[in-house]
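Engineer: Below are the structure tokens for one structure; questions will follow.
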Amino acid sequence: MEKMTVTIEVKAQPSKIQELYQTLQALLLTMRKDKGSLSCNVSRDLEGEDVFFLSSEWDAQGNFEGYIQSGSGSALLGAIDLLGESARVQIGSNSAWEKIETLKRMRMGT
């Protein structure tokens, strides 16, 4: 199996910065316990205080897909929609950034 890294960049809505940060921190707890999760953390852009990065590493793509299709994955995408102003995802450490819709399609199994 090949490891997989996923980085999600979320720019918070101006009035939702702290709420987004707290929500991402809470979601880390369930992500860390998920099957195949090797590591995950949240960091903040030093120049743009309203930009957060959720980075995770998985032992296989199928396990990440299982997470994103779970209730926890649904909560993550819902929080991004509700609290974020914009978001994008990078699947693989050297891949191009893609729209967050990539994860929504993965969630739907398409």
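The values are calculated or read from the model by the stated rules, or taken from the named source; none is laboratory data. Keep in mind that what you see is a predicted model, and the values were worked out from it rather than measured. Ideal geometry is used to build each Cβ from the backbone, glycine not excepted, and the neighbour counts take in all protein chains shown.
Engineer: For region 86-97, give me each residue that is surrounded by fewer than 14 Cβ atoms within 10 Å (Cβ to Cβ) and within 20 Å of residue 13 (Cα to Cα).
Structural biologist: Hit for region 86-97 is 86, nothing else.
Engineer: Ok, one more. Any chance region 3-14 includes a residue that's over 19 Å from residue 109 (Cβ atoms), among the basic types (Lys, Arg), touching a Gly at 6+ places or on another chain (Cβ under 7 Å) and modelled with pLDDT of 95 or more?
Structural biologist: Within region 3-14, one or more residues are over 19 Å from residue 109 (Cβ atoms), among the basic types (Lys, Arg), touching a Gly at 6+ places or on another chain (Cβ under 7 Å) and modelled with pLDDT of 95 or more.
Engineer: Look at region 73-89 and say how many of its residues are farther than 11 Å from residue 107 by Cβ and out of contact with any strand residue (DSSP E or B) (no Cβ under 7 Å at 6 or more places or on another chain).
Structural biologist: Result for region 73-89: 4.
Engineer: Restricting the first residue to region 60-76 and requiring it to be of a type in the set (D, E, K, R), which pairs with a second residue that is surrounded by 15 or more Cβ atoms within 10 Å (Cβ to Cβ) and in a helix (DSSP H, G or I) meet a Cβ separation below 6 Å and a spacing of at least six or different chains?
Structural biologist: Every condition considered, the pairs that remain are 65/106.
Engineer: For region 1-59, name all the residues that are within 25 Å of residue 96 (Cα to Cα), basic (Lys, Arg) and assigned to a loop (DSSP other than H, G, I, E, B).
Structural biologist: Hit for region 1-59 is 3, nothing else.
Engineer: Also, I was wondering about something else. So which residues in region 8-27 are in contact (Cβ under 8 Å) with a residue 24 or more places away in the chain and out of contact with any Leu (no Cβ under 7 Å at 6 or more places or on another chain)?
Structural biologist: Within region 8-27, 9, 11, 14, 17, 21 meet the criteria.
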